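Here the structure is laid out as structure tokens; the discussion comes afterwards.
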Amino acid sequence: MSTISSIWSNVRHPMKSLRGICGGEAVYPLMILFALNAVDELDRAAFGVLLPEIRDHFDLDLSTTLGLVGLVAVAALALQVPIAQWADRSKRVPLVVGGAIVWGVFSGLTGMATGLIIFGIARSGSALGKAVIDPTHNSLISDYYPIESRSNVFSVHRAANAVGAFVGPISAGLVLGARWISKKFAGNIAGLTRIGANVSIAAAFLAAAFALAPNIYIAVAVNCVISAALAMLAPAIFTGLSLAIPPRARATGYSVASLWIIPGLAVLPMIGWLADKFTIRVGMLVMIPLFVVGGLIQRSIGNVIMEDIGQVWQSAAARSEALYDRRRGNAKLLLLRGVHSGYDGRMVLQGIDLDMEEGEIVALLGTNGAGKSTLLRTISGTLEADRGAVIFDGRDITHAPPNEIAALGIVQMPGGQGVFGSLTVRENLELAGWTHRRDAQGVANARAEVLAMFPILSDRMDEAAVNLSGGQQQMLALAMSFIMRPRILLIDELSLGLAPIIVGQMLPVVERLSKDGVTVVLVEQSVNVALTVAQRAYFLERGEIRFSGPTADLLKRPDILRSVFLSGAAQGGDRAHTSTSVSTQKVALETFGLIAGFGGIRAVDGVSIRVHDREIVGMIGPNGAGKTTLFDLISGFTPIIDGRIEIDGRDVTKTGPSGRAAVGLGRSFQDARLFPELTVRETLAVSLERWVSSRSALVSALYLPPAFESEQSIERRVDELVDLLGLGDYQNKFVRELSTGTRRIVDLACLVAHRPSVILLDEPTSGLAQREVEALSPVVRRLRDEMGAALLIIEHDIPFVSSVADRLIALDQGRVVTEGEPTGVLEHPTVIESYLGTSSAAIARSGQGG
């Protein structure tokens, strides 16, 4: 009786009933969407009724007719995704109106078609109605109406299909389904998917009963049951999708969900062919496996849809938090909540929560491999977060593409690779203005401003960026970031591989950006550098935040600021540093007047150096001084114009790199050149090639005892290296998956494995966390003592190189400026002017300078 009374009350007071259905929100939008959906369904229903006449008129068989139906449906689905993406990025109401007008034109053209081609074009064009309705109507309803009333609203909207087709069983299913589902499955979408799966499987058996019905009465009855059952669940499915799809992508989400109809449409021609060859009943039986497979797919999503809904709720909560803070006058420009991110299913970041205000400088510190660069990539969108929320200025950008994020004002400056090497300096600067193409004058002014900040770039405007020194490339990268007028600037290792004087020039630019209101996130390995510019700091370890607060407070946390990799290797090598007496040692490496150049410019100009056995020599100098080029000459990778090279008294000037390695030369590179497709263990095994005892291919193929023993020896040595350098957690990971700092540790392990007599280390501290750098000094001395090797080290970390080296050699413009005891070299006027500068923070990157 109560149900009848309720129905009668709704009939007597329809507007009151509709307001209740809409949860107190406006009824007018729902009525408009209802009408548009109804007329579109009416068009399709009329087409279905007239299909036999159309088939006879154009003299088509059943297979071709169903193929035409499928083609029209595919056209509608193909249009949905681009229309949905358009809807997510623009106003949806004009799109709905425009789509209705175009649909009306093509629908009218259907009745005037005189040939099959025109008819096909007209029906494909009329598919625009369906293509617009699914993504735009559903997303508008999801945004207009509250969650608790959405199932009722979707029921009314889908009732338009019943009005357009036939009112009876579908309307009953919609009305009863809305009442039952809204009560039974409120908050239990996973349970609803399981019920939907069961209904789909039941529909398979009902389809069989429909196909095999002995008379028209049973066929109509079964068809009514099928229609009512499927219609009953449709509103709830749309309600679930409205909860699981992020608001900024709802139109796209609904359109992609509709694409699952395509596999069913592909079967339509098969049904027609079977009906033509046998009977229509045989063709209809093909629908049975489709319903069963669909039910199984629907059942499988029950385990994940609740996670998706939780993700959407988390994003909504984070956005609400940001908006609430803004209303209270405590606006956060960037907000991260529960962010999980990684590569190939391996999580690197584990539930990151952080917030940043406008105009502040935040240091992002941490152990090597902690996820600092991954976090920057997640914020900039070059790596999409798996879970969590990233809110920028009140806007959810968690899953936004990187080009849109950059256009909003989040700019990332990658560490060591922030420029386009094949383009000139001028072209790089012009390219940086892509986000402000319509403001040519503003871009020109910004370009002039950065050239005033970095005058060295003005002198090399038409030179390829690849020819710039490391410091000049960093200047160019920072200049490009400045031109983009960022609101948030993400800098990945500003001081990576830079001379102290260059770092001293760049830090004031960063501070200036902050004063102009730009939020700067600075990934930095040196706590000392971070202390000078950053007000707050976050410290990451194993993908989790271990510390957040004032940067100076980090110095009070020795449990956090510790060496993870090199602490074990440093044991036994931390005794007091004593210089090696060179008078009693033979010469391990000597060069005589080396000359090399590129394009008429001498990069190395008459360099003669000498390194004795068991001696550690540091090499310093500004970026572009010729230090790495000298290493390339010594190791045989760059031809010399003039001069001679001797290793252990043997002339190797005309010997290739492999020959020099065979006589005991080992070398590291600035960028840790390892094999990206090998694991860490495999890489270490390859580096032991010099010590393989069995080299016979036949012995290895037959796996004879010598080959077995050789492999076992290599395996044992790899185990020792893994333990020595703390690589246990990374030994089975691919090198490409490692962070910059962790690759440096693997690179060092490979050098130890090679056991050379002369070691060339090219910036070994580059990319290492500060505490790892401070633990590296005893490791280097231990290499010298245990291997009896001579070491030549290029380094910009002055505290490190001065503490470990017996002598220093200073280079500038390809020539040796001075050499001798570290203290004397560092006090040389030319070294101070061209290399060190006056910034104490840039000079004291490690040690107790902070």
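The values are calculated or read from the model by the stated rules, or taken from the named source; none is laboratory data. Predicted model, so just to flag it, every value in this text is computed and none were measured. Don't worry about glycine lacking a Cβ; one is built from the backbone with ideal geometry, like all the others, and counts go over all protein chains shown.
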- Go through segment 711-767 residue by residue and tally those that are closer than 21 Å to residue 370 by Cβ and part of a helix (DSSP H, G or I). 14
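Filter segment 798-818 down to the residues that are free of Cβ contacts under 8 Å to residues at least 60 places away in the same chain and under 27 Å from residue 770 (Cα atoms) and list them by number. Steps first, please.
First pass over segment 798-818, keeping only residues free of Cβ contacts under 8 Å to residues at least 60 places away in the same chain: 799-800, 818.
Of everything in segment 798-818, those that are free of Cβ contacts under 8 Å to residues at least 60 places away in the same chain and under 27 Å from residue 770 (Cα atoms) turn out to be 799, 800.
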- Could you list, in sequence order, all residues of segment 390-406 that are among the aliphatic types (A, V, I, L, M), modelled with pLDDT of 90 or more and not in a strand (DSSP E or B)? 405, 406
- Query: When residues of segment 184-232 are filtered for being assigned to a loop (DSSP other than H, G, I, E, B) and either closer than 15 Å to residue 287 by Cα or modelled with pLDDT of 75 or more (or both), how many remain?
  - Reply: 4
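Quick check: is even one residue across segment 650-669 part of a loop (DSSP other than H, G, I, E, B), at pLDDT below 90 and more than 23 Å from residue 750 (Cα to Cα)? I'd like the intermediate steps shown before the answer.
Within segment 650-669, the first condition is being part of a loop (DSSP other than H, G, I, E, B), and the residues that meet it are 652-656, 663-664, 668-669.
Remaining after also requiring at pLDDT below 90: 663-664, 668-669.
Those left that are additionally more than 23 Å from residue 750 (Cα to Cα): none.
No, that holds for no residue.
Would you pick out the residues in segment 580-627 that are of a type in the set (Val, Ile, Thr), closer than 23 Å to residue 464 by Cβ and buried (at least 23 other Cβ atoms within 10 Å of the Cβ)? Please lay out each step first, then the result.
Initial filter on segment 580-627 (of a type in the set (Val, Ile, Thr)): 580, 582, 584, 587, 591, 595, 601, 604, 607, 609, 611, 616-617, 620.
Narrowing further to those that are closer than 23 Å to residue 464 by Cβ: 601, 604.
Answer for segment 580-627, where residues must be of a type in the set (Val, Ile, Thr), closer than 23 Å to residue 464 by Cβ and buried (at least 23 other Cβ atoms within 10 Å of the Cβ): just 604.
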- Message: Checking the structure you have, find out if any residue of segment 623-642 is more than 23 Å from residue 786 (Cβ to Cβ), more than 44 Å from the chain's Cα centre (by Cα) and not basic (Lys, Arg).
- Response: yes
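Select from segment 636-649 the residues that are in a loop (DSSP other than H, G, I, E, B) and at positive phi and list them in ascending order.
636, 648, 649
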- Task: Inspect segment 671-693 for any residue being at pLDDT 80 or above, surrounded by fewer than 19 Cβ atoms within 10 Å (Cβ to Cβ), hydroxyl-bearing (Ser, Thr, Tyr) and not in a helix (DSSP H, G or I) and give the result as yes or no.
- Result: yes
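Among the candidates 320, 341, single out the residue that is without any contact (Cβ under 8 Å) to a residue 12 or more places away in the chain and polar (S, T, N, Q). Please lay out each step first, then the result.
On the way: 341 fails: without any contact (Cβ under 8 Å) to a residue 12 or more places away in the chain.
Answer to the selection: 320.
Every residue in segment 372-409 that is small (Gly, Ala, Ser) and in contact with a Lys or Arg (Cβ under 8 Å, 6 or more places away or on another chain), please. Explain how you work it out, then say what you get.
Taking segment 372-409 first, the residues small (Gly, Ala, Ser) are 373, 380-381, 385, 388-389, 394, 400, 406-407, 409.
Of everything in segment 372-409, those that are small (Gly, Ala, Ser) and in contact with a Lys or Arg (Cβ under 8 Å, 6 or more places away or on another chain) turn out to be 388, 389, 394, 400, 409.
Surrounded by 23 or more Cβ atoms within 10 Å (Cβ to Cβ) and either among the small types (Gly, Ala, Ser) or outside the structural domain of residue 434 (by TED's automatic domain parsing) (or both): which single residue out of 452, 499 fits that description? Can you show your working first?
Details: 452 fails: surrounded by 23 or more Cβ atoms within 10 Å (Cβ to Cβ).
On inspection, the qualifying residue turns out to be 499.
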- Query: From 338, 345, 409, which residue is modelled with pLDDT under 85, under 20 Å from the mean Cα position of the chain (by Cα) and farther than 19 Å from residue 494 by Cα?
  - Reply: 345
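May I ask you to say which residue of 724, 704, 738 is within 26 Å of residue 365 (Cβ to Cβ), surrounded by 13 or more Cβ atoms within 10 Å (Cβ to Cβ) and over 31 Å from the mean Cα position of the chain (by Cα)?
Values: 704 fails: within 26 Å of residue 365 (Cβ to Cβ); 738 fails: over 31 Å from the mean Cα position of the chain (by Cα).
So the residue among 724, 704, 738 that is within 26 Å of residue 365 (Cβ to Cβ), surrounded by 13 or more Cβ atoms within 10 Å (Cβ to Cβ) and over 31 Å from the mean Cα position of the chain (by Cα) is 724.
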- Item | Candidate set from segment 491-525 (those that are out of contact with any Ser or Thr (no Cβ under 7 Å at 6 or more places or on another chain) and of a type in the set (Gly, Ala, Ser)); member that is nearest to residue 364 (Cα to Cα) | 514
- Going through segment 308-330 in order, the residues found to be under 23 Å from the mean Cα position of the chain (by Cα) and of a type in the set (S, T, N, Q) are 311, 314, 315
- Query: free of Cβ contacts under 8 Å to residues at least 12 places away in the same chain and either surrounded by fewer than 16 Cβ atoms within 10 Å (Cβ to Cβ) or part of a helix (DSSP H, G or I) (or both), is that true of residue 312?
  - Reply: no
- Residue count, segment 337-360, condition of a type in the set (A, V, I, L, M), more than 18 Å from residue 518 (Cα to Cα) and surrounded by 17 or more Cβ atoms within 10 Å (Cβ to Cβ), comes to 4
- Only one of 798, 794, 809 that is over 21 Å from residue 632 (Cα atoms), among the β-branched types (Val, Ile, Thr) and either crowded, with 24+ Cβ neighbours inside 10 Å or not assigned by TED's automatic domain parsing to the domain that holds residue 618 (or both): 798
